Amino acid sequence: MKQLFFILFLTLSFLIQSTIETKSKKKSPSKKQLPSYVQCSKPIRYHFQNATYDRYYVQSTINEIEKRTFLKFKKENNSIKDIGINFYVNSKEDKVELSYDDKKPTVVNLTEKTYADRILTRFFFGYALGLIPELARKDRDSDVKVFEKNISDSYKKYYEKKSSYPESYYATGFDFGSVMLAKPFFGNISKNKRTYMSKFYPHYENQISNFYDLSFNDYKRLNLLYCKDKCKSSKKCAYSGYYGNTCKSCTCFLPFTGQYCTSYDIRSPECGKDITIKAYSSKKTKTVKNFNGKCFYIIEAKNSKKKVKLTIEKFKINSPYSHSLYIRYRKDKGAEGLLIEKNVTNLSLPALSNSVIINFYSYDKKNELVLKYQEVKK
């Protein structure tokens, strides 16, 4: 009899333990952070509900991604039932149902109006590929202020901070030029209600509204997320460069070029001999004028532990469409810089890193740029 009770006791204990473990697993599932259909080793399958001209922006983005990353795609004629992306169309709302399951596809269901909008289409497509909205970055608060009360409920998921996401993603900084930075009225509850504002307002407004291609960092992030080990044995790229779709040479941003981004692009002789300029604790002035072509300069703090403070004392444009002034002043130089397209005076940029890169294109000799710079403590 005692033996029977002992067996019953063991059986009950086993059943209770199994029940506890089952409940525990249900309560705390191991969430996948990235869609399983995006892989470096095999093509991403996708299907269009119907092949109208509106799908052009999806297809053109696919073509660009294949050129600039290791990712490949495969178009399917029939609706995908397991792993991949189905692009559907509806007449009511824009909705993306992300799948992290090997047996269920992601559904990108957008209106015809959105498919005809290059910026929005690429935002939702990037989201389907695992790129998180810039406004969902856990470090966004140093760059933007989000007005949560102005966001409609169905769009809040695009603004909720991703506290757990692959750290490799944060190897790149907040990017005002990213296709994943939605317009300031995206998903608002009513017209004219902003959902966020740049902390350097209004100087990024034009860029936010008009950048419609994936940025340098957008492509880089796709490789960081899915193909980070692809060129593990290759030499590291300099100046935030990355290996795009080959391990033989790096993808660089101007003014850098060469196999490993260690060379400089050609510039006008009027720019002077020095490309790198040292910043000291006392203010210095740099004036650039009377030239046709392109100049670029890299201002570095003498003490690498300090930061560079840059002020555009004067930027005078003589004629429209005759210039381009582009400044990368953030710590991550791969992030899109500030594009200035109008006359400015005494515009001070935040001191965020120990170097600043200035690209100035001028096709009118009367255009003038005057800079003041110095190194400051962190």
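The values are calculated or read from the model by the stated rules, or taken from the named source; none is laboratory data. All figures in this text were calculated on a predicted structure; none of them were measured in a lab. Quick reminder, even Gly has a Cβ in these numbers, built from the backbone with ideal geometry, and neighbours come from all protein chains shown.
Which numbered condition trips up Lys333, out of (1) closer than 17 Å to Thr276 by Cα; (2) in a strand (DSSP E or B)?
(2)
Looking for whichever is within 25 Å of Thr257 (Cβ to Cβ), out of contact with any His (no Cβ under 6 Å at 6 or more places or on another chain) and small (Gly, Ala, Ser) here; the options are Ser353, Ser319, Ser281. Which one fits?
None of the other options fit; the residue is Ser353.
So which residues in region 97-109 are in contact with a Leu (Cβ under 8 Å, 6 or more places away or on another chain) and either aliphatic (A, V, I, L, M) or crowded, with 21+ Cβ neighbours inside 10 Å (or both), if there are any at all?
Within region 97-109, Thr106 is the sole residue that qualifies.
Within region 96-116, can you find the residues that are within 19 Å of Asn188 (Cα to Cα) and touching a helix residue (DSSP H, G or I) at 6+ places or on another chain (Cβ under 8 Å)?
Matches in region 96-116: Val96, Leu110, Thr114.
Any chance region 276-283 includes a residue that's outside the structural domain of Ile151 (by the TED database), under 19 Å from the mean Cα position of the chain (by Cα) and among the small types (Gly, Ala, Ser)?
no
Answer yes or no: is there a residue in region 110-124 that is touching a Gly at 6+ places or on another chain (Cβ under 7 Å), among the hydrophobic types (A, V, I, L, M, F, W, C) and under 25 Å from Leu339 (Cα atoms).
no
Is it the case that region 169-184 has a residue that's without any contact (Cβ under 8 Å) to a residue 60 or more places away in the chain and acidic (Asp, Glu)?
No, the conditions are met nowhere in region 169-184.
Which one of these does Glu167 not meet: (1) surrounded by fewer than 17 Cβ atoms within 10 Å (Cβ to Cβ); (2) more than 18 Å from Tyr226 (Cβ to Cβ); (3) within 17 Å of the chain's Cα centre (by Cα)?
Tallying (1) surrounded by fewer than 17 Cβ atoms within 10 Å (Cβ to Cβ); (2) more than 18 Å from Tyr226 (Cβ to Cβ); (3) within 17 Å of the chain's Cα centre (by Cα), Glu167 fails exactly one: (2).
Just the residues that are of a type outside the set (D, E, K, R) and either farther than 18 Å from Leu225 by Cβ or over 11 Å from the mean Cα position of the chain (by Cα) (or both), please, taken from region 115-126.
Tyr115, Ala116, Ile119, Leu120, Thr121, Phe124, Phe125
If you check Cys237 against the conditions, is it within 18 Å of Arg328 (Cβ to Cβ), assigned to a loop (DSSP other than H, G, I, E, B) and in contact with a Cys (Cβ under 9 Å, 6 or more places away or on another chain)?
Spelling it out, Cys237 is indeed within 18 Å of Arg328 (Cβ to Cβ), assigned to a loop (DSSP other than H, G, I, E, B) and in contact with a Cys (Cβ under 9 Å, 6 or more places away or on another chain).
On the basis of being touching a Leu at 6+ places or on another chain (Cβ under 9 Å), of a type outside the set (Gly, Ala, Ser), within 16 Å of Lys183 (Cα to Cα) and surrounded by 14 or more Cβ atoms within 10 Å (Cβ to Cβ), does Tyr127 make the cut?
Considered against the rule, which asks whether it is touching a Leu at 6+ places or on another chain (Cβ under 9 Å), of a type outside the set (Gly, Ala, Ser), within 16 Å of Lys183 (Cα to Cα) and surrounded by 14 or more Cβ atoms within 10 Å (Cβ to Cβ), Tyr127 comes out as yes.
Within region 130-157, how many residues are within 14 Å of the chain's Cα centre (by Cα), crowded, with 17+ Cβ neighbours inside 10 Å and at negative phi?
9
Please state which of the following conditions Pro202 fails to meet, knowing it meets all the rest: (1) over 16 Å from the mean Cα position of the chain (by Cα); (2) touching a residue at least 60 places away in the same chain (Cβ under 8 Å).
(2)
Just name the residue that is nearest to Lys220 (Cα to Cα) out of those in region 112-142 that are among the hydrophobic types (A, V, I, L, M, F, W, C) and assigned to a loop (DSSP other than H, G, I, E, B).
The qualifying residue nearest to Lys220 (Cα to Cα) is Leu131.
Residues being assigned to a strand (DSSP E or B) and closer than 13 Å to Phe200 by Cβ: count how many of those fall in region 345-364.
The qualifying residues number 3.
Of all residues in region 245-296, count the ones that are surrounded by fewer than 17 Cβ atoms within 10 Å (Cβ to Cβ) and hydrophobic (A, V, I, L, M, F, W, C).
Going through region 245-296 one residue at a time, the tally reaches 5.
Looking only at region 205-235, which residues are free of Cβ contacts under 8 Å to residues at least 24 places away in the same chain and among the charged types (D, E, K, R)?
Scanning region 205-235 gives Glu205, Asp229, Lys232.
Please find, among Asp229, Asp218, the residue that is of a type in the set (Asp, Glu) and assigned to a loop (DSSP other than H, G, I, E, B).
From the options Asp229, Asp218, the qualifying one is Asp229.
Just to verify a result, which residue in region 182-209, among those that are surrounded by 18 or more Cβ atoms within 10 Å (Cβ to Cβ) and either among the hydroxyl-bearing types (Ser, Thr, Tyr) or assigned to a loop (DSSP other than H, G, I, E, B) (or both), is modelled with the lowest pLDDT?
Tyr204
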